[in-house]
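First up is the structure itself, then whatever we jot down about it.
The values are calculated or read from the model by the stated rules, or taken from the named source; none is laboratory data. Keep in mind it's a predicted model, so treat the numbers as computed, not measured. A quick note on method: Cβ atoms are made from the backbone with ideal geometry, for glycine too, and the neighbour counts reach across all protein chains shown.
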Amino acid sequence: MVRVLLIAFLSLGVVSTAYWGYREHQEKNAILVHAENNYQRAFHDLTYKIDMLHDQIGTTLAMNSRTSLSPALAEVWRIAAEAHSDVGQLPLSLLPFNKTQQFLAQIGAFSYRTAVRDLDKQPLTKEEYETLQALYQKAANIQNELRNVQHLVLKNHLRWMDVELALATNNRPSDNTIIDGFKAVENDVQSFSEGTNFAPTFTTITNREKGFIRAQGKRISENEAKQIAKSFLGLKGTETIKVVRSGKGADERFYSVTVFDPKTKTEAYMDITEKGGYPIWVMDNRPVKKQAISVYDASVKGQQFLKKHRFTNFELYDSSQYDNIAVLTFVANEKGVRIYPEAIKMKVALDDGTIVGFSARDYLASPPLSTIPKPTISLAEARKKLNPNVRVMEERQAVITNDLNQEVLCYEFLGTLGDDTYQIFINAQTGMEEKVDKMQSVERNYE
Amino acid sequence: MRGRMISCLLVCFIMCAGEVHAFSNQVIQRGAVGDDVLELQARLQYIGFYNGKIDGVFGWSTYWALRNFQDKFGLPVDGLAGESTKTKLVKVSKYYESFVKEQIQKGNSFTHYGGKPLSEQVKGDNNATAAKTTVQTTATNVPKGFSQNDIRLLANAVYGEARGEPYIGQVAVAAVILNRLEHPSFPDSIAGVIFQPGAFTAVADGQIWLTPNETAKKAVLDAINGWDPSGGAIYYFNPATATNGWIWSRPQIKRIGKHIFCK
């Protein structure tokens, strides 16, 4: 009797384990299929978008009238953006596929800039037309390669999950059809972006990577970097200082200084350009005690610090308090004109008013202005260009970097519409509305 | 007679003192947070200059309200609540501190206009006893273009990827995500960059869903506010665990903690 019961009990155990295992297996498969489907959707969507992109660029080439060219270029921009987003959903981040992504971003930037331009006043130049033709050619190549991969994927039921696995383990680097196909696309694009001379309006996307234009002068040594850190941070001399030179990947070489204060047991960090020895940023991660001074006092301290280190003509533009730290933004002001690209950020501790952060990254990367042009339209004329519903509260002249990455002189208006505050820039030469920003700095808590 | 006069004076003095000492002696500036800002907003609302929420954060609408007040009362229009502005404001308005703080603690939406009974200015009958006692403000400063939820998502990624790293290592990881956002080779949304398949191991193994600590959040805020210890990197890897050969071919910028940052 006992034996029968035992057998029954055990077999029940086996059956339920089997059932449980089966369910687990099914669930795992369902998730795999789901993930695979997501990849497949992104991939087939991508090939479709590249088809459309190719066709659409072809159409723009045949167009002559300005009225149809602008919307067609806008369409190119939209499709390129969507294709770009599709690439971002594929497990390709470990595969060198960035040239193709860059290519898509560049098509987008090019078509956007030409689409928003007034083509009646500034028609496509010969170079831009050639660029468009070259892009058309290249899109055709990418289309062919991708079509080929797509064909193989469909025919051989290739799975993207395998690609992910192959890339992650890197066991067999080059016997995966999909990986090979994408590598072919990448090589193709690479030869293109190196060989083609883009039109002048087209180079700007890479401009921002140029690094610190302002940091000129003789190269400093590690020891000099140490001295600069000492004077900039106001060190007493009891700290241990470590200096490391950056690797060759940096656009401009710099020194990273680590300062350990044995008294407070905290570290401060600072990067200094090798050329000229300009401080790039400073960060002091000491714990900040209870607030004792106001944001206003902090901005006065920040201003004094800038003066002391010969950043003259800087004025406070923005201030925000986060816990016990004030984050301040200063911008250059030359003869009453604010130069927004020349910005310096600072963090001031609200317990004792010491500087716990400094960043001159934007300032160092902005090209020095030789002269500020005189405005050709008057303030009153510029004000007429505004939306009449905006109530202007403040106005001044300012230099900003516009969508085309050019420095332009503008009239800046701060105004309110309903409960919101807007910052509006009207070009002081052309009267064009260069930029409209909604100023939002406060968000309610959801807790 | 004399006794009555003294007590009269005393009452008056106490009343005045109570009012004058309302604000602390700081100069209140845009971006400030805390009790003084609550009082500033409430007082400006009392006399009809401020129509926004009384949330304790000195934002743009408070700024314009203050400037309009300064303009109306012949004070220098600088948008700073200094000594003379505060004195004037205290003279012409009232501040029911306990009412304001009570409503904030209870999470009610309320206003603080003069000439209207306070009981009529509370919406939502959330009369439950206050759960949170330390709440001072009902809003937060956020860097332009980023919401608190964006910051939280970034903090999740930083915590999942680099919680064992030194502070600047965490800021650097956040900066890499932000650099990718700007870079043409990567998706152009925070979620797009973080959830790009294969981009971050913390996403692949689920560690991104750990609850981030304050350090990670601080690191994210620093990165958003413009600090980039990575030197403009768009990749980083841990040389001890990196299996992918290609990542080694990237030009390296610098090493922070266990991570090598590269272009």
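Below are the figures for this structure:
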{"quantity": "Residues that are in contact with a helix residue (DSSP H, G or I) (Cβ under 6 Å, 6 or more places away or on another chain), part of a loop (DSSP other than H, G, I, E, B) and surrounded by fewer than 24 Cβ atoms within 10 Å (Cβ to Cβ), drawn from segment B:48-71", "calculated": "B:PHE49, B:GLY52"}
{"quantity": "Test: residue in segment A:18-33 that is aliphatic (A, V, I, L, M), modelled with pLDDT under 90 and closer than 18 Å to A:VAL153 by Cβ", "calculated": "yes"}
{"quantity": "Selection count where residues are touching a residue at least 24 places away in the same chain (Cβ under 8 Å) and either at the interface with chain B (Cβ under 9 Å from one of its Cβ atoms) or part of a loop (DSSP other than H, G, I, E, B) (or both), scope segment A:225-244", "calculated": "2"}
{"quantity": "Filter pass, A:VAL408 being in a strand (DSSP E or B), in contact (Cβ under 8 Å) with a residue 12 or more places away in the chain and within 14 Å of chain B (Cβ to nearest Cβ)", "calculated": "no"}
{"quantity": "Condition met for A:SER256 (hydroxyl-bearing (Ser, Thr, Tyr) and modelled with pLDDT of 90 or more)", "calculated": "yes"}
{"quantity": "Selection within segment A:191-224 - modelled with pLDDT under 80 and more than 14 Å from chain B (Cβ to nearest Cβ)", "calculated": "A:SER191, A:PHE192, A:GLU194, A:GLY195, A:THR196, A:ASN197, A:ALA199, A:PRO200, A:THR201"}
{"quantity": "Residue list for segment A:47-93, filter: under 24 Å from the mean Cα position of the chain (by Cα) and in a loop (DSSP other than H, G, I, E, B)", "calculated": "A:GLN89, A:LEU90, A:PRO91, A:LEU92, A:SER93"}
{"quantity": "Qualifying residue in segment B:231-238 (condition: facing chain A (nearest Cβ under 7 Å) and assigned to a loop (DSSP other than H, G, I, E, B))", "calculated": "yes"}
{"quantity": "Residue within segment A:159-175 that is at pLDDT 80 or above, within 29 Å of B:PHE200 (Cα to Cα) and in a loop (DSSP other than H, G, I, E, B) present", "calculated": "yes"}
{"quantity": "Residue that is surrounded by the fewest Cβ atoms within 10 Å (Cβ to Cβ) [pool: residues in segment B:239-263 that are more than 9 Å from chain A (Cβ to nearest Cβ) and not basic (Lys, Arg)]", "calculated": "B:ALA240"}
{"quantity": "Test: A:SER366 is closer than 30 Å to A:GLY302 by Cβ, crowded, with 16+ Cβ neighbours inside 10 Å and out of contact with any helix residue (DSSP H, G or I) (no Cβ under 6 Å at 6 or more places or on another chain)", "calculated": "yes"}
{"quantity": "Subset of segment A:254-265 [within 14 Å of chain B (Cβ to nearest Cβ) and surrounded by fewer than 16 Cβ atoms within 10 Å (Cβ to Cβ)]", "calculated": "A:PHE260, A:LYS265"}
{"quantity": "Qualifying residue in segment A:272-286 (condition: at the interface with another protein chain (Cβ under 9 Å from one of its Cβ atoms) and of a type in the set (S, T, N, Q))", "calculated": "yes"}
{"quantity": "Residues (among the basic types (Lys, Arg) and either surrounded by fewer than 14 Cβ atoms within 10 Å (Cβ to Cβ) or at the interface with chain B (Cβ under 10 Å from one of its Cβ atoms) (or both)) located in segment A:415-447", "calculated": "A:LYS438, A:ARG444"}
{"quantity": "Any hit, segment A:338-359, residues being of a type in the set (D, E, K, R), touching a Leu at 6+ places or on another chain (Cβ under 9 Å) and surrounded by fewer than 21 Cβ atoms within 10 Å (Cβ to Cβ)", "calculated": "no"}
{"quantity": "Those residues of segment B:194-224 which are at the interface with chain A (Cβ under 8 Å from one of its Cβ atoms) and surrounded by 21 or more Cβ atoms within 10 Å (Cβ to Cβ), in sequence order", "calculated": "B:PRO197, B:ALA199, B:LEU221, B:ASP222"}
{"quantity": "Selection count where residues are of a type in the set (A, V, I, L, M, F, W, C) and part of a loop (DSSP other than H, G, I, E, B), scope segment B:200-230", "calculated": "3"}
{"quantity": "Complete set of residues in segment B:80-101 that are outside any helix (DSSP H, G or I) and free of Cβ contacts under 8 Å to residues at least 12 places away in the same chain", "calculated": "none"}
{"quantity": "Check on B:VAL158, more than 10 Å from every other protein chain (Cβ to nearest Cβ) and not in a loop (DSSP other than H, G, I, E, B)", "calculated": "yes"}
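This table checks each residue for (1) of a type in the set (Lys, Arg); (2) surrounded by 19 or more Cβ atoms within 10 Å (Cβ to Cβ).
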residue	(1), (2)
A:PRO71	no, no
A:ALA74	no, no
A:ARG78	yes, no
A:ALA83	no, yes
A:ASP86	no, yes
A:GLN89	no, yes
A:LEU104	no, yes
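Yes/no per residue for (1) of a type in the set (Ser, Thr, Tyr); (2) within 10 Å of chain B (Cβ to nearest Cβ):
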{"residue": "A:LYS301", "(1), (2)": "no, no"}
{"residue": "A:PHE314", "(1), (2)": "no, no"}
{"residue": "A:THR329", "(1), (2)": "yes, yes"}
{"residue": "A:TYR340", "(1), (2)": "yes, no"}
{"residue": "A:ASP362", "(1), (2)": "no, yes"}
{"residue": "A:SER366", "(1), (2)": "yes, no"}
{"residue": "A:ARG391", "(1), (2)": "no, yes"}
